[in-house]
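The values are calculated or read from the model by the stated rules, or taken from the named source; none is laboratory data. Given the structure is predicted, the values throughout are model-derived calculations rather than measurements. Ideal geometry is used to build each Cβ from the backbone, glycine not excepted, and the neighbour counts take in all protein chains shown. When the accessible area is computed, the model is the full protein with side chains, heavy atoms only, and any ligands, DNA or RNA have been set aside. Shrake-Rupley method; radii C 1.70, N 1.55, O 1.52, S 1.80 Å.
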Amino acid sequence: MQDTDALLEFEGVDKYFGQNHVLKDVDLSVEEREVVVVIGPSGSGKSTLLRCTNRLEEVQDGEIRLDGVSLTDPETDINALRQRIGMVFQSFNLFPHKTALENISLAPEKVKGTPESDAKGDADDLLERVGLDGQGSSYPNQLSGGQQQRVAIARALAMNPQVMLFDEVTSALDPELVGEVLDVMRNLAEEGMTMLVVTHEMGFAREVGDRIVLMADGKVVEKTPAEQFFEEPTTERGRRFLSRLL
Ligand code: ADP
Ligand code: MG
């Protein structure tokens, strides 16, 4: 561990796509049990930040650490570290020919070697946790978008991650299905899950977020406790962002 008790830390992170400098000297820490909500305009680097966190993208400079262990060091066993990071995307990407239960139990069985009966039992518990008990034998196309996204959250939780990353997980859903997914995330936060959440759902950000991180043009331009951010952002950029929402 470093000088803070942060679980997840970004220090001086730079990311380029060719000439395009998309993350600029990003410093950010997420404490254990903290919910950090990342907001900002489209193209500001929010998804890239999350994708760098589990090395779906490589960074060019700086360091990302989980529990003090570098994620960016080539020596690090990235597969082991990845198991400790759950990620849920806008598109659910469930395996279409597997049931909800199988989607959830697959990685524990294949990656962790959990015996099938244990993995299935855990998957049952997870389905209940996301409000889908009794749906284990359903295939993705038999489920609504909100239900599929809840299966995707359960699938990520099945690996028992230390931190969960959410990238606009409700953006592709019909409006009436957004609430059920946010409820699951709210419950997770209440249970003490450490979460880094990219969302446009400002009600959620305000209620569930501990801190708001505003990104613009690849930079973190504001990091403020959620209550304060929505009352009185500390930067002009933050004020402008909020005023556009009103
Ligand atoms: P956000 O999630 O905030 O909308 P992104 O992280 O998706 O922003 O994108 C940040 C910048 O990086 C944008 O300029 C985008 O065009 C660029 N970008 C994202 N992914 C790629 C990629 N795979 N290849 C090249 N450029 C990319
Ligand atoms: Mg994005």
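A few points about this structure:
- Cβ-based net charge around residue 200, under 11 Å, with every Lys or Arg adding one and every Asp or Glu removing one: -1
- GluC sites (Glu not before Pro) within region 1-58, DSSP loop, no more than 15 other Cβ atoms inside 10 Å: 32, 58
- Table column - 3J(HN,Hα) (Hz), region 88-102, Karplus curve with 6.51, -1.76, 1.60, x for Gly and Pro: 10, 10, 4, 8, 6, 6, 6, 6, x, 9, 10, 6, 4, 4, 5
- A cut-off of 5 Å between modelled amide H atoms, ignoring neighbours fewer than 5 places along the same chain, links residue 62 with 14.
- Region 1-69 and region 124-156: distance between their alpha carbon centers, rounded to Å: 29
- For region 120-134, putting each phi into the Karplus relation 6.51 cos²θ - 1.76 cosθ + 1.60 with θ = phi - 60° gives couplings of 5, x, 4, 5, 4, 4, 5, 4, 5, 4, 9, x, 10, 4, x Hz, in residue order, rounded to whole numbers and with x for Gly and Pro.
- At a probe radius of 1.4 angstrom, the accessible area of region 1-100 per residue rounds to 48 square angstrom.
- Dividing the summed helix terms, -39500 (n - 2.57) for each DSSP H run of n ≥ 4, by the number of residues in the chain produces a 222 nm estimate of -10500 deg cm²/dmol to the nearest 500.
- Across the options 135, 96, 6, the greatest Cα extent toward the positive end of the charge dipole of the chain (unit charges at beta carbon of Lys, Arg, Asp, Glu) belongs to 96.
- Rounded to whole Hz, the Karplus (6.51, -1.76, 1.60) HN-Hα couplings of region 108-113, x for glycine and proline: x, 5, 7, 8, 9, x
- Rolling a 1.4 Å probe over the protein heavy atoms of region 47-203, with every protein chain left in place, gives an accessible area that is 43 percent carbon and sulfur.
- Mean sequence separation of contacting Cα pairs (under 8 Å, at least six apart), scaled by the length of region 72-158, corresponds to a relative contact order of 39 percent.
- Reach of residue 98 by Cα under 20 Å, taken over aspartates and glutamates that are not fewer than 8 positions away in the same chain: 109, 116, 118, 122, 124, 125, 128, 133
- Counting DSSP beta bridges with both ends in the chain, the antiparallel % (nearest 5): 55
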